[in-house]
Amino acid sequence: MAFDPDEFRVPAGRPLAVLLRHRDAAIHNVAISREGGGDVVFVGEFIGTGEVLYSVPPLEPGRYLLRCDLHPSMTGAVVAS
Ligand SMILES: [Cu+2]
């Protein structure tokens with residue numbers, strides 16, 4: 001019920017491939033939004049097992065909130081620079 005690691009540094013301005021590898025019994029996804037309640041920039045499909053490879057559009061430089069839409073405690077950060 002957590003992202004591991006919970007902070008990611010990525011290059012800004014480039015498409016991203018994000019692999020979510022699922023290691024518990026719950027359903028999860030990955031959503032990315034501007035930090036501080038800003039625009040949602042990506043919402044990934046939910047998966048219940050296995051892994052999924054998300055194609056995330058290029059991010060502008062800055063900090064973003066990473067979260068699972070089903071579990072408010074599942075958060076992390078994406079830093080694009
Ligand atoms: Cu979740």
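Here are some notes:
- Charge tally in the Cβ shell below 14 Å around PRO57, where Lys, Arg are +1 and Asp, Glu are -1, PRO57 excluded: 0
- Volume per residue that the Cα convex hull of the chain spans, once the total is divided by residue count, Å³: 78
- Phi angles of segment 42-48 translate, via the Karplus equation with coefficients 6.51, -1.76, 1.60 and θ = phi - 60°, into HN-Hα couplings of 7, 10, x, 5, 7, 10, x Hz per residue; Gly and Pro are given as x.
- Among residues other than GLY76 with Cβ under 12 Å from its Cβ, the summed charge is -1 (Lys and Arg +1, Asp and Glu -1).
- Close amide-amide hydrogen proximity is noted between LEU59 and GLY13, ARG14, each under 5 Å apart and 5 or more residues distant or on a separate chain (H modeled in the peptide plane; Pro and chain starts excluded).
- Amide H contacts of MET74 (H built 1.01 Å from N, under 5 Å, at least 5 apart or other chain): CYS68
- Charge tally in the Cβ shell below 12 Å around ASP4, where Lys, Arg are +1 and Asp, Glu are -1, ASP4 excluded: -1
- The chain, relative contact order [Cα under 8 Å, separation at least 6], %: 41
- Loop-resident sites, segment 2-76, for trypsin sites (Lys or Arg not before Pro), counting at most 14 other Cβ within 10 Å (DSSP): ARG23
- A Förster radius of 22 Å, combined with the Cβ-Cβ distance separating ALA77 from ALA26, puts the computed FRET efficiency at roughly 0.55.
Values in this text are rule-based calculations from the coordinates and carry no lab data. Every value quoted in this text rests on a predicted model; they were computed, and no experiment measured them. Heads up, the Cβs are rebuilt from the backbone with ideal geometry, glycines too, and the neighbour counts pull from every protein chain shown.
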